[in-house]
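Coordinate-derived values only; no laboratory data. Everything numeric in this text was worked out from a predicted model, so none of it was measured. Don't worry about glycine lacking a Cβ; one is built from the backbone with ideal geometry, like all the others, and counts go over all protein chains shown.
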Amino acid sequence: MTIAMFDALDDAFARVRDDASVRVVLLDGAGPAFCAGFDLTAAADDQALVGTFIRRLSTLCRTLRRVPAPVVVAVRGAAIAGGCAVVSACDLVVASAAARLGYPVHRIGLSPAVSLPTLDQAVGAGAARMLTMSGRLVTGAEAHALGLVTTLVEDDDAVGPAAEALATTLAAHGPHALRVTKAWLNEIDGSLDDARFDAPAADTAEAASTSAETAARLAAMWAQRARDS
């Protein structure tokens, strides 16, 4: 995830939001992984950029939840940290059994609380606590059992076709009825409450931008990468 990627996604979803002919959105990742999170290399000399990433991620998650058309996401490989947050904000999630999802970010001094407004709705409070506090990566099969993944397929090669088939099925539904259904789901589960998104984003972004803990852990990560390269 880079600033350029956030900009491109914001532009794409602005067009989708205003286009009543769009019946369903299919979100996929290029290559063997869906998304491995923020491009922290870009923040090596600017800790404040991490806070910017967190704010932009919060905006993207809110957009995914509120765009009128249903959003189907195809997950193969890794959907980690910010990538897992994006998955949690989509309406329907197709993933392979071998996919890896989770929030292993405490080790670098970051909180994944920005994902909680949508993750908690997807998996419930107990599983949300486990995923965001343990830092453990779960398989696609485990994520399906938790409720984060809604359609499970056996291998990565099957993810794309299954996601396209699901999107095609949704596109054949009555578009107004489907949009009304999503709108009421958002109304009932609190997805239209800006404070649910704003507060955790502001708090975690401020900490990520300024805290000594985050600075020290990020510096240690970059030093280790330098030694390994």
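Quick check: is even one residue across the range 154-163 outside any loop (DSSP other than H, G, I, E, B), out of contact with any Lys or Arg (no Cβ under 9 Å at 6 or more places or on another chain) and surrounded by 24 or more Cβ atoms within 10 Å (Cβ to Cβ)? Looking for residues that are outside any loop (DSSP other than H, G, I, E, B), out of contact with any Lys or Arg (no Cβ under 9 Å at 6 or more places or on another chain) and surrounded by 24 or more Cβ atoms within 10 Å (Cβ to Cβ), one finds at least one in the range 154-163, hence yes. Annotation: A43 fulfils all but one of (1) under 16 Å from the mean Cα position of the chain (by Cα); (2) under 23 Å from L110 (Cα atoms); the unmet one is (1).
In the range 184-198, of all residues being of a type in the set (D, E) and not in a loop (DSSP other than H, G, I, E, B), the one that is farthest from A113 (Cα to Cα) corresponds to E187.
Within the range 40-98, work out how many residues are assigned to a strand (DSSP E or B) and touching a Phe, Trp or Tyr at 6+ places or on another chain (Cβ under 8 Å).
Narrowing the range 40-98 to residues assigned to a strand (DSSP E or B): 71-75, 78-80, 92-96.
Within this subset, residues satisfying the condition of being touching a Phe, Trp or Tyr at 6+ places or on another chain (Cβ under 8 Å) are 73-75, 78-80.
Going through the range 40-98 one residue at a time, the tally reaches 6.
The residues of the range 106-151 that are outside any helix (DSSP H, G or I), within 21 Å of D198 (Cα to Cα) and in contact with a helix residue (DSSP H, G or I) (Cβ under 7 Å, 6 or more places away or on another chain), listed by number, are G109, L110, S111, P112.
Of all residues in the range 21-55, those being under 30 Å from A171 (Cα atoms), of a type outside the set (S, T, N, Q) and either surrounded by 13 or more Cβ atoms within 10 Å (Cβ to Cβ) or without any contact (Cβ under 8 Å) to a residue 60 or more places away in the chain (or both) number 15.
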